[in-house]
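Participant: Below is the structure I would like to discuss, written out as structure tokens.
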Amino acid sequence: MTIAVYPGTFDPITNGHLDIVKRAALLFDRIIMGVYEKSNKHLVFTTEERVELARLAVADIPNVEVKSFSGLTVDFARGEEAPVMVRGLRMNADFEKEFEMALMNRKLAPDLDLLCLMASQEYQFLSSSLLKEVARLNGNISDLVPEHVAEALRKKFTV
Ligand code: ADP
């Protein structure tokens, strides 16, 4: 049985993340999404909220589960006995960062490999930060996130 972890901030989960996790779920027996507890990004949702939003989003994919973690991603992967880490790659936004991180992770954990799935065309431009900006300004985000995530964003940004 091959297990893969899919780590990220997921603040909040978007259809871009979901596209990656659905495709990864066809390639591996089990996918464990890892939600970073302590991200250095400016977060809108708490760890519990990010986990809950992701859990609801993947509820219909039987071989995907969601956990939170702190510390090094390579240690999270090791703890889950996953030899593979999955990440999504958008055309311009991600390559250098992912490459740099992959080399560091390879140094820290030579037995953990990285599988990058190319983001689908319709989600190339989609990032959680842009999404939050649009939601904050009351823009239409219905095509970009599951309905319960849109609702959670509306609640956060309604004063
Ligand atoms: P991180 O802080 O680790 O970048 P994110 O939640 O922003 O966390 O992203 C988690 C993973 O999902 C990363 O591999 C990122 O490149 C990927 N990702 C983010 N947005 C998209 C998207 N629109 N399409 C495909 N992959 C994406």
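The values are calculated or read from the model by the stated rules, or taken from the named source; none is laboratory data. Since the structure is predicted, the reported quantities are computational estimates derived from the model, not experimental observations. Neighbour counts run over all protein chains shown; Cβ positions are idealised from the backbone, glycine included. To get the accessible areas, we keep the full protein, side chains included, count just its heavy atoms, and leave off ligands, DNA and RNA. Shrake-Rupley method; radii C 1.70, N 1.55, O 1.52, S 1.80 Å.
Participant: If we keep just the residues of the range 135-159 that are closer than 14 Å to Arg50 by Cβ and hydrophobic (A, V, I, L, M, F, W, C), which is most open to solvent (accessible area, probe 1.4 Å)?
Facilitator: Selected residue: Ala152.
Participant: Sticking with this one: Looking for whichever is within 15 Å of the chain's Cα centre (by Cα), closer than 16 Å to Asp11 by Cα and among the basic types (Lys, Arg) here; the options are Arg50, Arg136, Arg90. Which one fits?
Facilitator: From the options Arg50, Arg136, Arg90, the qualifying one is Arg50.
Participant: Are any residues in the range 13-29 more than 9 Å from the ligand (Cβ to nearest atom) and assigned to a loop (DSSP other than H, G, I, E, B), and if so, which ones?
Facilitator: Within the range 13-29, Phe28, Asp29 qualify.
Participant: When the range 20-46 is examined, which residues are found to be closer than 18 Å to Val149 by Cα, aliphatic (A, V, I, L, M) and under 12 Å from the mean Cα position of the chain (by Cα)?
Facilitator: Once the filter is applied, which keeps residues that are closer than 18 Å to Val149 by Cα, aliphatic (A, V, I, L, M) and under 12 Å from the mean Cα position of the chain (by Cα), the range 20-46 yields Ile20, Val21, Met33, Val35.
Participant: Taking the options Leu114, Leu130, name whichever one is free of Cβ contacts under 8 Å to residues at least 40 places away in the same chain and part of a strand (DSSP E or B).
Facilitator: On inspection, the qualifying residue turns out to be Leu114.
Participant: Which condition does Glu96 not pass, out of (1) more than 20 Å from Lys22 (Cα to Cα); (2) away from the ligand (no atom under 14 Å from the Cβ); (3) surrounded by fewer than 16 Cβ atoms within 10 Å (Cβ to Cβ), if it passes all the others?
Facilitator: Failing condition for Glu96: (2).
Participant: If you scan the range 116-126, which residues turn out to be surrounded by fewer than 16 Cβ atoms within 10 Å (Cβ to Cβ) and under 18 Å from Phe45 (Cβ atoms)?
Facilitator: none
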